[in-house]
Structure formats: structure tokens, C-alpha cells
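What follows is a set of notes on a single structure, which appears directly below.
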Amino acid sequence: MNENNQNICVIGLGYIGLPTASLLGTKGFKVTGVDTNKEVVDTINQGNIHIVEPDLDILVKSAVGSGNLIASLEPVDADIFILAVPTPFKGDHEPDVSYVETATKKIAPYIKPGNLVILESTSPIGTTDNVVARILQEEGHQVGEEVFIAHCPERVLPGRILTELIENDRIVGGVNQKSTEKAVDFYQSFVRGQVHTSSSAVAELAKLTENAFRDVNIAFANELSLICDNLGISVWEVIRLANRHPRVNILKPGPGVGGHCIAVDPWFIVSSSPDQSRLIRMAREVNDSMPNWVLNKVRKSADRFKHPIIGCLGLAFKANVDDLRESPAVQIVRQLQKENLGELIIAEPNLNSHSEFQILPYREVVDKADILILLVDHKEFCSLKAADLKETVLIDTRGIID
Ligand code: SAJ
């Protein structure tokens, strides 16, 4: 339990901000969560959630019910401000830190001496100092002396957010020693993992590195799947056997890399050092080419029919989430719709409806499809057996159907 009775203001109530705000609310902090979307604010104040994440509904209900979490359109005075806003890219994969800028300007009038500001958003190198600290200094705050600023990148895996928020190690990089110490004290009050310290730039690059590492490893698996396809060899069997080596651990090929993190963050490294980031850029390109590879498979199969029913299983960017951001499955389905290769029918068990696509029960899609594309390895699809599919042409991009 938090005995300080500290007030926290979390800016951004998305996939990181809402779990963090509600977790802190249940740990005894008084939390105000701020979002620009009124519908999101109203939903949370009713004790409900707008995203799918295991157990988040229970946590939000409990935090709101206890009075420790209130959602609002505007910031409030607080002891600690946490920025959890998006950091997408724009143009030719250039980082877009405009949400961080806007959020910093928005909290500036509420900040008082003694306050701590933490940037949790995954950020391009230099954002903590050159955006957050610079803006607050320009707004008249004595950064590092009266107002403390640190970067503590979020590292949680969608689908396991609530566990990882507590169990994962954290990296804290303050703009000065005092800022680092204040942020460490805060995280140690609710994190069970270790809290490591460094500079803000190291903390920024360490987070980007984690996601670039995973992207490069997925690209290796994806490239291997192209090689195996060319050779007429099962990539799944190759990986299964190669992974029996004690020092080999190949990840899974798929239809591409989605989500707002791994498909985005490596570009922040590339844009910081374009001439040195050859492998990281190439991995991004390999992963980004995968949807088109899947589309070519569908085009080839569709040639065998007059006007086939094409069943698509899954829209989310990965298994067991409802998040469609940067989803390769959505990219594939949109392109199929454009090309009108056949009648498209779609199942996504984590969504009741979608503004663009009609969502059908997955059994109906399986039964009706001439061509079935398995795009996401949701748990609902894992019981499918090749024997049940009879005449259906199956394109299993996740290797889950025997
Ligand atoms: N994917 C594959 N093959 C694999 C693993 C993943 O194709 O073997 C695909 C997924 O289907 C998905 C994408 O990669 O489209 C990313 O999924 P993910 O589960 O690897 O990662 P995210 O984006 O959900 O979360 C990542 C995590 N980073 C790392 O594991 C290094 C998480 O810890 C970060 O906090 C998160 O990014 C973030 O917010 O940055």
C-alpha cells in the first residue's frame, strides 16, 4: 500500500496509460488519468474499459470503484506526472514526438516545485532532455533543481501487461541524479523487478534496442520462411529441429510484424544513425514485405476458382488481443478487398464489430471458405484441424494447423 498518499496524473489512457493508472489506483495512489477522447474518459469513469487486456476490466472497476482513479479531459495538480502518449512515425519513418510535446505543454501549468515528471512513452534518443525538459524549462520551471524529470520506458507485453507491469525490471534515466533517484523511489514502491539506473539517453536507446532486437530476430524467421517456401521445405520443421540446438532459438515466421512498437521503434534507431543501421533497416524491410508475400499466395490460389469465398481468420496484430494497429492482417484483408479476388468473409473473435469489415463467427468463416487464410494465432483458432477443412485451400501464415 502507498502510505505517502501521493497524487499521480497519467497523461494518455491507452494500452500503457490505463493499465498503469488503474494499477497505481489499486496500490493506494490517488490517480487522475487524462485523455483527449471524451468517450474513453466516460467509459473509464463508469468503471469500464475500451481495450482488451486480460484482467484489466477487474482492475479498472476496482480502482474507479474505490475512488482512487478518475478519468478526466484535463490534467490536475499532482506529485507525479506520467506521460504515456503515442510516439508514432511520420513521412519517411521520421519520429513524430508531437504528442509528447503537446502533453508536456498541457501539464506545464499544473507543475509545482518538488514534482516528478516521468516519460514512459517509447521515445527517440534525446526526447527526455530535448523535448520534455526543454519545454518545462522554457515554461519557467527549474528543471533538475525544483522539478525532476526522468525517462522510464514501458516494457510490457500486450496480453501480459498487468503481470509485466509489476514483475519486469525497469530502466530509469533521469536528466540528473536527483531526478533518477526520485523516479527510482516511485517505481520501487510498486515494481517487484529490479529498477536499473542510467542516463536518459541510455534508457531511451535501451528500450529501442529491445524492440529492434526482436524485430531482427523475427525478420530472420520470416526470411527463412521465404527460403523454405522457395525450396519446398517446411519452415516449421526446420525451425523445430534447429531449435533443438542448445544455443539456437529461432522465433516464428508470420504474415509480418504489427503493433505500435516493434514495427515502429527500430525506425527511431535508423533515423538517429542511418548509415550505421543497415541490418536494423533491412529487418524492417523484410518484415514489411511479408504481407505482400501472403497476398501472392492468395492470388495464386484464387486463380484456381471462378469467384472464391476467401475466409480470413484474425485481424489483430497478434494473438489474443483486439489491437489492430499496424496489423499485417488488416493490411492483407484491405488489399484483398481492393483487388476483389473473391467474396471476403472475416472472423475476429476479439471484436464484436468493425467500421470497415463485417465480422462473422469463426466457425461460419471456416465452413464457408474456399480459401482460408489463417492470419492470427488466436486461441479460438488453435483447435482447427486440417482434416476438418476437406476441400478448402489453407494458407496458414502462423503454422498452427497441423
Ligand atoms: N511476431 C512474429 N513472430 C514471433 C513473435 C512475434 O511474427 O515469433 C509478431 C507478432 O505477431 C506481432 C509482432 O511480431 O505482429 C510483435 O509482437 P510481439 O509479441 O513480439 O511484441 P509486442 O509488439 O506486442 O510488444 C513488444 C515487446 N517487446 C519485446 O518483446 C522486446 C514488449 O515487451 C514491449 O513493451 C512492447 O513491444 C512495446 O510497447 O514496446
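The values are calculated or read from the model by the stated rules, or taken from the named source; none is laboratory data. All values reported here derive from a predicted model rather than from experimental measurement. No Cβ is skipped: glycine too gets one built from the backbone with ideal geometry, and neighbour counts run over all protein chains shown.
When segment 22-42 is filtered for residues that are closer than 15 Å to Asn7 by Cβ and assigned to a helix (DSSP H, G or I), the ones remaining, listed by number, are Leu24, Gly25. Restricting attention to segment 307-323, the residues that are assigned to a loop (DSSP other than H, G, I, E, B) and in contact (Cβ under 8 Å) with a residue 40 or more places away in the chain total 11. Note on segment 228-256: among residues that are in a helix (DSSP H, G or I) and within 18 Å of Arg398 (Cβ to Cβ), the one that is nearest to the ligand (Cβ to nearest atom) is Ile239.
Here is the figure for segment 151-204: residues that are touching a helix residue (DSSP H, G or I) at 6+ places or on another chain (Cβ under 8 Å), over 21 Å from Tyr15 (Cα atoms) and buried (at least 23 other Cβ atoms within 10 Å of the Cβ) total 4.
Confirm whether Glu210 is modelled with pLDDT of 95 or more and either surrounded by 21 or more Cβ atoms within 10 Å (Cβ to Cβ) or under 21 Å from the mean Cα position of the chain (by Cα) (or both).
Against the criterion (modelled with pLDDT of 95 or more and either surrounded by 21 or more Cβ atoms within 10 Å (Cβ to Cβ) or under 21 Å from the mean Cα position of the chain (by Cα) (or both)), Glu210 qualifies.
When residues of segment 133-178 are filtered for being more than 28 Å from Gly258 (Cβ to Cβ) and part of a helix (DSSP H, G or I), how many remain? Summing the residues that are more than 28 Å from Gly258 (Cβ to Cβ) and part of a helix (DSSP H, G or I) in segment 133-178 gives 8.
The condition (being modelled with pLDDT of 95 or more, of a type outside the set (A, V, I, L, M), within 17 Å of Pro158 (Cβ to Cβ) and not in a strand (DSSP E or B)) is satisfied by just one residue among Pro54, Pro19, Pro75: Pro19. The one condition from (1) assigned to a helix (DSSP H, G or I); (2) farther than 30 Å from Asn320 by Cβ; (3) touching a Ser or Thr at 6+ places or on another chain (Cβ under 7 Å) that Asn130 does not meet is (3).
Checked against (1) buried (at least 17 other Cβ atoms within 10 Å of the Cβ); (2) at positive phi; (3) away from the ligand (no atom under 11 Å from the Cβ), Gly259 meets all criteria but (3).
For the residues Leu372, Leu351, Leu336, Leu341, the requirement of being more than 16 Å from the ligand (Cβ to nearest atom), assigned to a helix (DSSP H, G or I) and in contact with a strand residue (DSSP E or B) (Cβ under 7 Å, 6 or more places away or on another chain) singles out Leu336. For Phe190, the stated conditions hold: it is touching a residue at least 24 places away in the same chain (Cβ under 8 Å) and over 26 Å from Arg284 (Cβ atoms). Select from segment 94-127 the residues that are of a type in the set (Asp, Glu) and either surrounded by fewer than 23 Cβ atoms within 10 Å (Cβ to Cβ) or assigned to a helix (DSSP H, G or I) (or both) and list them in ascending order. Result: Glu94, Asp96, Glu101. Once segment 129-149 is narrowed to residues that are in contact (Cβ under 8 Å) with a residue 40 or more places away in the chain and either under 17 Å from Gly17 (Cβ atoms) or charged (D, E, K, R) (or both), the residue that is nearest to the ligand (Cβ to nearest atom) is Val132. Just one of the listed residues (Asn296, Asn287) is crowded, with 22+ Cβ neighbours inside 10 Å and farther than 24 Å from His50 by Cα, and it is Asn287.
In segment 177-189, is there at least one residue being on the phi < 0 side of the Ramachandran plot and within 12 Å of the ligand (Cβ to nearest atom)? No, segment 177-189 has no match at all. Taking the criterion of being closer than 25 Å to Glu380 by Cα, of a type in the set (Asp, Glu) and buried (at least 16 other Cβ atoms within 10 Å of the Cβ), would at least one residue in segment 329-345 satisfy it? No, there is no match, as no residue in segment 329-345 is closer than 25 Å to Glu380 by Cα, of a type in the set (Asp, Glu) and buried (at least 16 other Cβ atoms within 10 Å of the Cβ). Screening Leu360 against (1) of a type in the set (A, V, I, L, M); (2) within 30 Å of Val264 (Cβ to Cβ); (3) under 26 Å from the mean Cα position of the chain (by Cα) leaves a single unmet condition, (2).
The number of residues in segment 381-400 being surrounded by 16 or more Cβ atoms within 10 Å (Cβ to Cβ), within 16 Å of the ligand (Cβ to nearest atom) and not in a helix (DSSP H, G or I) comes to 6.
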